[in-house]
1. So for each of 100-112, 127-139, 75-87 I average, over its residues, the number of other beta carbons within 10 Å; can you give me the resulting order with the highest mean first?
2. Once the piece of chain linking D155 and D49 is laid out straight, how much longer is it, given 0.36 nm per residue of separation minus the C-alpha distance between them?
3. Based on the Cβ-Cβ distance of S148 and R95, what FRET efficiency does E = 1/(1 + (r/R0)^6) give at R0 = 45 Å, to the nearest 0.05?
4. Would you mind putting 150-159, 13-22 in packing order, based on average other-beta-carbon counts within 10 Å, highest first?
5. Just from its helices, what would the mean residue ellipticity at 222 nm be for the chain, if runs of 4 or more DSSP H residues each count -39500 (n - 2.57) and the sum is divided by every residue, rounded to the nearest 500 deg cm²/dmol?
6. Quick one: go through region 70-102 and flag any residue whose amide nitrogen is under 12 Å from the point 7 Å out along the Cα-to-Cβ line of A172.
7. S16: net charge of surrounding residues, Cβ under 11 Å, Lys/Arg +1, Asp/Glu -1, itself excluded?
8. Evaluate Rg over Rh across the chain, taking Cα atoms for both radii and Kirkwood's formula for Rh.
Amino acid sequence: MTYRVGYFVGSLSSTSINRILARALIGLAPDDLEFTEIPIRDLPLYSPDYDADFPPEARALKRAISETDAVLFVTPEYNRSIPGALKNAIDWASRPTRPTSFDHIPAAVIGASRGPIGTALAQQSLRGVLSFCNARQMTAPEAYISFSHDDFADDGTVTDPQMEARLRAFMAEFREHIQRVLTVLPRQDQTPS
Ligand code: FNR
């Protein structure tokens, strides 16, 4: 059994440290997790005016989420919350309500900043949003990554053994979380029309 994980990178930066972190997490994940990025860059800004007829980018987003077993959010902190681009993507995915695309989906959040609190407040903010969207979040371990190029190569190789062990343990626990959630809440076919 392989679990399909869709991952979101909350940064649009071409030199994103969170993208490096995402690469690292994929490299350290258990073999039975299969990863696909769910892109957020080309989504228009959400408006209820679109509810009757979603644009292709938003349909693609909802289809991509419907084709995954779990979602992983790797995000920077912007002004003590999540970047607007990521919030916009979640707002799209949350419509139409009942169910949202994230209903009962196994989810994990993680992020990197260059500061000492390593996106703690952004993750707290994201957890509140995902909670309202009815995602089934992994609550432990938390991982607030204070990013240093001493610990990571750009290709996602983790060069610090302690960081490697920490990220490996995070992904191993996420895999267990996915299995636990899907055992009681199997994914329904939510492919949008
Ligand atoms: C930041 N940054 C930042 N860092 C932090 O620890 N807490 C914060 O609230 C903010 N706020 C913030 C707002 C905006 C608009 C920018 C552009 C940046 C710094 C941020 O962590 C840093 O730029 C990271 O490199 C962003 O991650 P990516 O884009 O490299 O993945």
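Bear in mind these aren't lab numbers, they're just calculated from the coordinates by the rules spelled out. Since we're looking at a predicted model, the values are computed, not measured. Here Cβ is always computed from backbone atoms with ideal geometry, including for glycine, and neighbour counts include all displayed protein chains.
1. Top to bottom by mean Cβ count within 10 Å: 100-112, 75-87, 127-139.
2. 34.1 nm
3. E between S148 and R95, to the nearest 0.05, is 0.70.
4. Descending mean neighbour count gives 13-22, 150-159.
5. Theoretical 222 nm ellipticity from helices: -11500 deg cm²/dmol.
6. none
7. Counting the neighbours of S16, the net charge comes to +1.
8. When Rh is taken as the Kirkwood radius, the ratio is 0.95.
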